[in-house]
Amino acid sequence: MAADLASAPHSGLTVQMCGDAHILNFGYWASPERQLLFDARDFDETLPGPFEWDLKRLTTSIHVLADAEGVVAVCAEESVGAAIEGYRMAMRRYARMPELEVWYDRLTLDAPLEGLSSEFAEAAVHAIEKQAKKRTHEGTARQLIVEQGGRRRILLDPAKRIDEGLNPAQRVSAYEQVYDSYLASIPPHLRRLVERFTRVDSVRQIVGVGSVGMRVWLHLLEGDSGRKPLFTQVK
């Protein structure tokens, strides 16, 4: 995308772009404070660049999705117009707000549902609540953890999670290199929290098409209490 857009004229208004602002990267995600918010995710391609690149990425993805789902072109055009208008109105609102209010602005659970009819809104809320109960650390643990020799291990799956044959010393070395870099990048109060967890297993994760060429590790950690496991993913 960047290669396609780099040769075209641009606004010169540089922001920290999402870099991957297509429509399927928007949804409900839990914030670090465990609040359910509507937001973008997947910032592994974030870079400084012209603000409209994100907007072009988003509006193009609407057309692509509409075409893939057989939605009529006029509906796609209206959706693109609504996305651009929503962006324009948000920027005008932010321009009148002080910095801290912009920084802490959030789209909470109810905001994206306001434009839906009551029938669709109720169905959406039901689906969200169902997914929220499943997509937790406990739910992930039930699917991915097995007990072996009295210790927790990540369940291997040839299509998703594999053991690369590294010996224990190599696994620890590979983990600690990333772990130390991560600890150095976060504030002290978060470092104190992370340091309460110890790695107990690591596996190589098979990536999707969006991450081809990347090496992805899934790590299983346990806290000092031993009560609740924690998964971390490293790209």
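Computed from the coordinates by the stated procedures, all read-outs in this text should not be read as laboratory data. Predicted model, so just to flag it, every value in this text is computed and none were measured. Here the Cβ positions follow ideal geometry from the backbone for every residue, glycine too, while neighbour counts run over all protein chains shown.
Observations on the structure shown:
- Intensity falloff of the range 157-235 expressed as log10 I(q)/I(0), Debye formula with alpha-carbon point scatterers, at q = 0.12, 0.14, 0.23, 0.24 Å⁻¹: -0.38, -0.52, -1.19, -1.24
- As computed over the range 155-194, the Cα convex hull volume per residue (Å³): 103
- Taking LEU36, LEU24, LEU13 in turn, the Gaussian network model of the chain (Cα-Cα springs below 10 Å) assigns the largest fluctuation to LEU13.
- Using alpha-carbon coordinates, inclination of helix 118-134 to the longest axis of the chain, degrees: 20
- In this entry, the range 41-117 is assigned a mean projected area of 7.0 nm², taken as a quarter of its C-alpha convex hull surface.
- Using the rule -39500 (n - 2.57) for each DSSP H run of four or more residues, divided by the residues of the chain, the 222 nm mean residue ellipticity is -13500 deg cm²/dmol.
- A Gaussian network model of the chain, with springs between Cα atoms under 10 Å, assigns the largest mean-square fluctuation among LEU144, LEU220, LEU100 to LEU100.
- Qualifying chymotrypsin sites (Phe, Trp or Tyr not before Pro) in the range 8-108, DSSP loop, other Cβ atoms within 10 Å at most 14: PHE43, TYR104
- Cα long-axis angle, helix 51-68 against the chain (0 to 90 degrees, to the nearest 10): 90
- Efficiency of FRET between VAL200 and GLU129 - r from beta-carbon atoms, R0 30 angstrom, step 0.05: 0.40
- For the chain, averaging the sequence separation of C-alpha pairs within contact (under 8 Å, six or more residues apart) and dividing by the residue count gives a relative contact order of 12 percent.
- Under 18 Å from a label point set 7 Å out along the Cα-to-Cβ vector of ASP224, the amide N atoms of the range 176-194 belong to 188-194.
- Radius ratio Rg over Rh of the range 1-44, counting only Cα atoms, Kirkwood formula for Rh: 1.10
- Spin-label pair ALA3-ALA95: with each label point 7 Å from Cα along the Cα-Cβ axis, the two points sit 3.6 nm from one another.
- On Cα atoms only, tilt of 73-95 relative to the major axis of the chain in degrees: 80
- Share of pairwise Cα separations in the chain, more than 33 Å, in percent: 33
- Restricting attention to the chain, the count of lysine pairs at 8 or more positions apart or across chains with alpha carbons under 20 Å apart stands at 4.
- Between the range 99-114 and the range 160-203, the alpha-carbon center distance in angstrom: 33
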